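S.K.: Let me begin by handing over the structure; questions about it come next.
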Amino acid sequence: MRNTVKIIIFLIFFFIIGVFYTSLTRDTNYSTSSLINKEVPKFKIAYFDKNGFYTKQDLIKNNYTLINFWASWCGPCRIEHPILMKLSEENNLKILGVNFKDKKELARKFLKDLGDPYSFLLRDIEGKQSVSFGIYGIPESLLINNDNIIIQKFVGPLSLDNYKEIKEIID
C-alpha cells in the first residue's frame, strides 16, 4: 500500500513537471503567417454611415484591396495614417477601413482631422468580425487581390517599407 502511494505521488510530481516544461518551451508568439496565400474568410461587416453590409463578394470588384483595422483611440493608427493617405492616391488599390470597437463620433473626428483615406468605411462595434481575419490588435492590415487571396498581412502600423512593398505588389 505504501509503495502504491509513493508511486502515485511520484507520477503526479512528474506530470506537473511535464506540464510546466511543455508550457515554458512552447512558442507563445501568435503568428498569422498561415493566412498568407489563403482565401479571405466569409464575412459580413456593417457599413459605417449607411445601411447594409460589405461582404467577401464585394472584394472581387477591386484589383487590390487593403483592409485596414483601426480606431480613433489607437495611437499607432495615427502614426500609420499618412501612409494610408499616400496609398489612397493609388488607382489600382481600394482601401477598406474597418473601425474597430470605437465610438462613431470619435471615429468621424479622427477622419475629419487627419483625412479620410478609405474607399469604403465599415464598423465592427464588438470586434467579432475582425477575429475571422486573425486580428488580435490594431492597427493591422491585409492586402487582398481580386481572387480574394490574402497576399500580405501587416501587423502594427504601416511603415514606409510597407508602403514600398505594397506599391511593388500592386504596380
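S.K.: Any idea which residue in region 21-36 is farthest from the chain's Cα centre (by Cα), counting only those that are modelled with pLDDT of 75 or more and either surrounded by 10 or more Cβ atoms within 10 Å (Cβ to Cβ) or within 16 Å of TYR136 (Cβ to Cβ) (or both)?
M.R.: TYR21
S.K.: Name the residue that is farthest from ALA107 (Cα to Cα), counting only residues in region 46-71 that are under 16 Å from the mean Cα position of the chain (by Cα) and at pLDDT 95 or above.
M.R.: Ranking the qualifying residues of region 46-71, first place goes to THR65.
S.K.: When region 112-171 is examined, which residues are found to be small (Gly, Ala, Ser), out of contact with any Asp or Glu (no Cβ under 7 Å at 6 or more places or on another chain) and closer than 15 Å to GLY97 by Cβ? Show your work before the answer.
M.R.: Narrowing region 112-171 to residues small (Gly, Ala, Ser): 115, 119, 127, 130, 132, 134, 137, 141, 156, 159.
Those left that are additionally out of contact with any Asp or Glu (no Cβ under 7 Å at 6 or more places or on another chain): 115, 119, 127, 132, 134, 137, 141, 156, 159.
Once the filter is applied, which keeps residues that are small (Gly, Ala, Ser), out of contact with any Asp or Glu (no Cβ under 7 Å at 6 or more places or on another chain) and closer than 15 Å to GLY97 by Cβ, region 112-171 yields GLY115, SER119, GLY127, SER141.
S.K.: Also, quick follow-up: Which residues, taken from region 36-71, are more than 15 Å from ILE95 (Cα to Cα) and among the charged types (D, E, K, R)?
M.R.: LYS38, GLU39, LYS42, LYS44, ASP49, LYS50, listed by residue number.
S.K.: Can you go through SER119, SER130 and tell me which one is farther than 14 Å from ILE166 by Cβ, touching a strand residue (DSSP E or B) at 6+ places or on another chain (Cβ under 7 Å) and crowded, with 20+ Cβ neighbours inside 10 Å?
M.R.: Working: SER119 fails: crowded, with 20+ Cβ neighbours inside 10 Å.
Only one candidate qualifies: SER130.
Residues are listed down the side, and each one gets a yes or a no for (1) assigned to a loop (DSSP other than H, G, I, E, B); (2) within 16 Å of GLU90 (Cα to Cα); (3) in contact with a Lys or Arg (Cβ under 9 Å, 6 or more places away or on another chain):
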| residue | (1), (2), (3) |
| --- | --- |
| LEU122 | no, no, no |
| GLN129 | no, no, yes |
| GLY134 | yes, no, yes |
| GLY137 | yes, no, no |
| SER141 | no, no, yes |
| ILE150 | no, no, yes |
| TYR163 | no, yes, yes |
| ILE169 | no, yes, no |
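The values are calculated or read from the model by the stated rules, or taken from the named source; none is laboratory data. Only a predicted model underlies this, so the values are computations on that prediction, with no experimental measurement involved. Here the Cβ is made from the backbone with ideal geometry for all residues, glycine too, and neighbour counts use every protein chain on show.
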